[in-house]
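Asks: The following block contains the structure, expressed as structure tokens.
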Amino acid sequence: MIQRFRVPLGFVVAAAVLYLAAPTRVSIALGLPLALTGAAFRALAAGVIRKDAQLATCGVYALTRNPLYFGSFMLSLGFALMSWNPIAAALLLVPSAIIYPNVIRKEEAHLARLFGDDFRTYRARVPRFLPRLAGLEPSFSFQQYIKNREYNTALGLLAAVLILLIKDR
């Protein structure tokens, strides 16, 4: 049930984090590379995935079976650092630790039903969450990126960083 509300809850959490944030130039310098890494993982994944139509195994999907969730986690980690507030950080990181494992298990069960042996073979060679550092198979479609509306992540990242820079003491 919480999975259905994770996007609307994300907006509420983002507003609370931005309100609570007490960023500094150092905190932004520490967190921004992590957030950008997360946004990049999400963008690269969105340029490959064709949900439920084809098993994504190339591009960043050759590094981790869950690049969208890994990217979201890196975004959260980056913003937790940039916010420089322990309550804001907890608001970002605790839900990730609670929600993602369950969502990933459910999605992988769905993929196993949908793609059978192809998914089981893929699952055996690619890590679930933390990416391996080798094996990148370049693959990206800007049209698929747009179709998956991942540009919203880039726009949200830009807006949030601008707000944090304005709040910088």
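Asks: Taking springs between alpha-carbon atoms closer than 10 angstrom, which of Val60, Val12, Val26 fluctuates most in the Gaussian network model of the chain?
Replies: Val12
Asks: How far is helix 6-20 tilted off the main Cα axis of the chain, in degrees rounded to 10, range 0 to 90?
Replies: It works out to around 20 degrees.
Asks: Sorting Tyr122, Tyr61 on the 10 Å Cβ count, fewest up front, what's the list?
Replies: Ordered from fewest to most neighbouring Cβ atoms within 10 Å, Tyr122, Tyr61 come out as Tyr122, Tyr61.
Asks: How are the C-alpha pair distances of segment 47-129 spread across 5 Å bins, as whole percents from the shortest bin up?
Replies: 3, 14, 22, 22, 15, 11, 8, 5, 2, 0
Asks: How far is helix 151-167 tilted off the main Cα axis of the chain, in degrees rounded to 10, range 0 to 90?
Replies: Value to nearest ten degrees: 20.
Asks: Please determine, in degrees from 0 to 90 and to the nearest 10, the orientation of helix 67-83 with respect to the longest principal axis defined by the Cα atoms of the chain, where the helix direction is its Cα long axis.
Replies: Rounded to the nearest ten degrees, it is 10.
Asks: Using modelled amide H (1.01 Å from N, peptide plane; none on Pro or chain starts), what sits under 5 Å from the amide H of Gly59, excluding residues fewer than 5 places away?
Replies: Excluding prolines and chain starts, which carry no amide H, the hits are Glu137, Ser139.
Asks: For every helix of n ≥ 4 consecutive DSSP H residues, a contribution of -39,500 (n - 2.57) applies; sum these over the chain, divide by its total residues, and give [θ] at 222 nm rounded to the nearest 500 deg cm²/dmol.
Replies: -23500 deg cm²/dmol
Asks: Any number yet on Rg/Rh for the chain, C-alpha, Kirkwood?
Replies: That ratio is 0.99, to two decimals.
Asks: Something else about it: For Lys106, go through the lysines and keep the ones whose alpha-carbon is under 20 Å away, minus same-chain ones fewer than eight residues off.
Replies: Lys51
Asks: If you don't mind, another one. How far, in nm, would the chain grow between Asp117 and Lys51 when pulled straight, counting 0.36 nm per residue and subtracting the alpha carbon separation?
Replies: My answer for the length gained is 22.0 nm.
Asks: Fewest first, what order do Lys167, Lys51 take by the number of other Cβ atoms within 10 Å?
Replies: Fewest-to-most ranking of Lys167, Lys51: Lys51, Lys167.
Asks: Okay, moving on. Write down the Kirkwood hydrodynamic radius of segment 1-85, to one decimal in angstroms, obtained as one divided by the mean of 1/r over all alpha carbon pairs.
Replies: The Cα-based Kirkwood calculation yields 14.0 Å.
Asks: What residue among Asn102, Asn148, Asn66 has the largest mean-square fluctuation in a Gaussian network model of the chain, using Cα springs under 10 Å?
Replies: Most flexible of the set in this elastic network: Asn102.
Bear in mind these aren't lab numbers, they're just calculated from the coordinates by the rules spelled out. Just so you know, these numbers come straight off a predicted model, no measurement behind them. Positions of Cβ are generated from backbone atoms using ideal geometry, with glycine treated the same way; all protein chains shown enter the neighbour counts.
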